[in-house]
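**Student:** Can you read through this structure? Questions will come right after.
Read the figures in this text as sums done on the coordinates, not as results from a lab. Predicted model only: the values in this text are computed from it and were never measured. Here the Cβ positions follow ideal geometry from the backbone for every residue, glycine too, while neighbour counts run over all protein chains shown.
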Amino acid sequence: MTFSLFEETVTGLDIGHAWLKIVQAKKSSRGTRLSRAAVVPVPPASAQPRVFAEFLDSVFRSAKIHPSNIVLAIGAPGVEVHRLELPRMAGRERGEAVRWNMQNLLGFPLDRAALDYRTLPALSGEESVELESVLVVAADNDLLGAELDMLGRLELEPVGAQAACLAGLESYLRTARSGARETVALLDIGHEGTGVTLVTQGQPRLHRYLPFGGAQLTRYLSEALHADPEEAEKQKLALTSGEPLVEPLDQLGTRIERVFQHFEDVHPTEKVDRILMYGGTALLPGIERLLTEQLHETVERLNPLSGPPLDSAYPDVETVRRLGPALVVACGLVS
């Protein structure tokens, strides 16, 4: 019999515009086991902090989740992730160089940003004595403060926060296949937008946020069917194939292709070798086939729950596994 005297419960909280995703896991020396999970649509009225706090509390209760050690996902456009190539320098100088570079890159004022950064090991074949790669995460303090205030209404204080795209990367790394160097595109297709993260040897090389996601698909159906947005959303979720969404998915594919092309222009000897998608919109039937045709590369769903162990007492395991692509970020938060 194997057992551990030290087991910690961690709760990953991914608050989206349309869906709330929660994963609770037990971590010990034996690894990480998923103990609870929830994927729940966010009511339209919950834009008010008080109403959302009440909604979140009701989800915790119905899913039998006692929130502890909460790690919060911060999504775009409230967070930006950039990779900088800087001359090697000491810590204080590096910090000043990061701030100087970021003031021209951020989509919100630098004085409103919470900055964090770390140096990355050199990729094989790209070692340099003069330059170093620095990964920078910048969160909009206004957005972060609003989410912390909302959690404060429930007397909850997160132990940490992470950029949603980096949490998605953590989920990918748990299931990544080993082998030759390859560049993998991670597509986080959410409600309001799509995050594109290009990864090589476990490192983010490029991240872009495209303001095109599930909401645009709903809007397209609303206009095509002459239906109100609520009815169009129901029709979208009831689709059995992606055919009615060919036109808007072509538009999304074109935007993703531009990101790939930019990467290949900067790195002429490299290309995107593999494409994985996740997020709530990635669950739509047929979307992987249509994006495969548009991007000329097989698109697969990333499901972190196809391998890692689930708690043996977890109810309805198959449903949780099916929703795995929507839980990628939340799973990454508890990795």
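**Student:** What's the FRET efficiency of Ala122 with Lys234 using the Cβ-Cβ distance as r and R₀ = 45 Å, to the nearest 0.05? Write down the numbers at each step before the final one.
**Tutor:** Values: r = 50 Å, r/R0 = 1.12.
Result of the calculation: an efficiency of 0.35.
**Student:** Among all lysine pairs in the chain that are eight or more places apart or on different chains, how many have alpha carbons less than 26 angstrom apart?
**Tutor:** Numbers: Lys21/Lys64; Lys21/Lys234; Lys21/Lys236; Lys26/Lys64; Lys27/Lys64.
Value for the chain: 5.
**Student:** Next question. Given a 10 angstrom Cα cut-off, can you work out which residue in Asp149, Asp265, Asp250 is the most mobile in a GNM of the chain?
**Tutor:** Per the Cα network of the chain with a 10 Å cutoff, Asp265 tops the list.
**Student:** Hey, rough spin-label estimate for Glu297 and Val59, points 7 angstrom out along Cα→Cβ, what's it come to in nanometres?
**Tutor:** 3.2
**Student:** Seen from all sides and averaged, what is the projected area of the convex hull of the Cα atoms in the chain, in nm²? Present the calculation step by step, with values, prior to reporting the outcome.
**Tutor:** Working: hull surface 76.7 nm².
Mean projected area for the chain: 19.2 nm², to one decimal.
**Student:** To check you understand DSSP bridge types, tell me what percent of the beta bridges within the chain (both residues inside) are antiparallel, rounded to 5. It would help to have the intermediate numbers written out before the result.
**Tutor:** Values: 49 of 65 bridges.
Looking only at bridges with both residues in the chain, the antiparallel portion is about 75 percent.
**Student:** How would you rank 71-78, 39-46, highest first, on the average number of other Cβ atoms within 10 Å across their residues? Present the calculation step by step, with values, prior to reporting the outcome.
**Tutor:** Working: 71-78: 20.8, 39-46: 14.5.
Descending packing order for the listed peptides: 71-78, 39-46.
**Student:** Taking 0.36 nm per residue of separation and subtracting the Cα-Cα distance, what length does fully extending Leu131 through Gln201 add?
**Tutor:** Details: separation 70, 0.36 × 70 = 25.20 nm, distance 1.85 nm.
This chain segment gains 23.3 nm when fully extended.
**Student:** Per-residue ellipticity at 222 nm for the chain, helices alone: DSSP H runs ≥ 4 residues times -39500 (n - 2.57), over residue total, nearest 500 deg cm²/dmol?
**Tutor:** Numbers: 10 runs with 113 residues, N = 335.
The helix contribution divided over the chain gives -10500 deg cm²/dmol.
**Student:** Further, regarding this structure: If we sort 268-280, 182-194 on the protection proxy, mean other Cβ atoms within 10 Å, highest first, what's the order?
**Tutor:** Values: 268-280: 18.6, 182-194: 22.2.
Order by mean packing, descending: 182-194, 268-280.
**Student:** Which residue fluctuates the most in the chain, going by a Gaussian network model with Cα springs under 10 Å, if the choices are Gln203, Gln261, Gln216?
**Tutor:** Gln261
**Student:** Please give the length that would be gained between Ala45 and Arg322 if that part of the chain were fully extended, namely 0.36 nm times their separation in residues minus their C-alpha to C-alpha distance (nm, one decimal).
**Tutor:** Numbers: separation 277, 0.36 × 277 = 99.72 nm, distance 2.80 nm.
96.9 nm is the gain from fully extending Ala45 to Arg322.
**Student:** Can you give me the span-like helices of the chain, meaning DSSP H runs with 15 Å or more of Cα extent along the axis and Kyte-Doolittle mean at or above -0.5?
**Tutor:** Details: long enough: 49-62 (20 Å, 0.23); 91-102 (16 Å, -1.48); 141-152 (16 Å, 0.34); 164-175 (17 Å, 0.52); 214-225 (16 Å, 0.02); 246-266 (30 Å, -0.43).
The answer, listed by residue number, is 49-62, 141-152, 164-175, 214-225, 246-266.
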